[in-house]
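Right, one structure below, let's go through it.
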Amino acid sequence: MKKPEISGLTGWGELPRLRPPSPATATVRRARRLKYKHMKTFSAKPHEVERKWYVIDAKDKILGQVAVEAARLLRGKHKPIFTTHVDTGDFVVVINADQVVLSGNKEQAKIYTRFSGYVGGKHVETPRQVRGRRPILLVERAVWGMIPKTRLGRAQYGKLKVYAGEAHPHEAQQPALHEVR
């Protein structure tokens, strides 16, 4: 059976023949390829990440500002090699968590709610009650709210160490003091 010729095509599925590009066009294309050849996206590798230790003194500092700086250091956003899918963060030690300050009327007005899953298992607390029961929980909850809720976020959160007093057992790592802005 003879293939019909439709609008300049020689057969089914074939495209019309085009002129070969001029030498000038080929040169421009080659130059573009070479120009962008070395501009590849950087992606940090887990074994290349150098981790440091930082101490944040939360005494008389606002809870939100302490949590922002801790989350930024834990995620590694302060480093030029920050990569979203790789843990590039550092270890963070927060001391004096019992002396952190909440701005405004949050000490009495803010509430923390949790639910056990049972009937009547709803627990509501103010920051004042949490501070009396377990003061480091204020900082831990604030930082947890600022990191991703994924496997990577849990790994980053594991590098957070919070202590109510001045003393901490991480002197051997020689942590650097990090000032909260």
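Read-outs: derived from the displayed coordinates by stated rules, not from any lab. The model shown is predicted, which means the values in this text are computed figures rather than measured ones. Note that each Cβ is placed from the backbone with ideal geometry, even for glycine, and that neighbours are counted across all protein chains shown.
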TODO: Given a cut-off of 24 Å, name the pairs among Lys59/Lys79; Lys122/Lys159; Lys110/Lys159; Lys45/Lys77 whose C-alpha atoms lie farther apart than that in the structure shown.
DONE: Lys59/Lys79; Lys122/Lys159; Lys110/Lys159
- [ ] First measure r as the distance between the Cβ atoms of Arg51 and Thr150, then evaluate 1/(1 + (r/R0)^6) with R0 = 22 Å and state the FRET efficiency to the nearest 0.05.
- [x] 0.65
Task: Footprinting exposure proxy for His47, His123 (fewest neighbouring C-beta atoms within 10 Å first) - done: His47, His123
Open item on the list: Taking R0 as 35 Å, what FRET efficiency do you get between His168 and Thr41 from their Cβ-Cβ distance, rounded to the nearest 0.05?
Closed with: 0.35
Task: Nitroxide proxy distance, nm - points 7 Å out along Cα→Cβ at Arg114 and Ser22 - done: 7.4
Task: Rel. contact order, % - alpha carbon contacts under 8 angstrom, at least six apart, the stretch 46-177 - done: 34
Task: Three semi-axes of the equivalent ellipsoid, the stretch 119-171, Cα gyration tensor, whole Å, largest first - done: 23, 19, 8
Task: Relative exposure of Trp144, Trp53, judged by other C-beta atoms within 10 Å (fewest first) - done: Trp144, Trp53
Open item on the list: Taking only the Cα atoms of the stretch 46-177, how large is their convex hull per residue, in Å³?
Closed with: 125
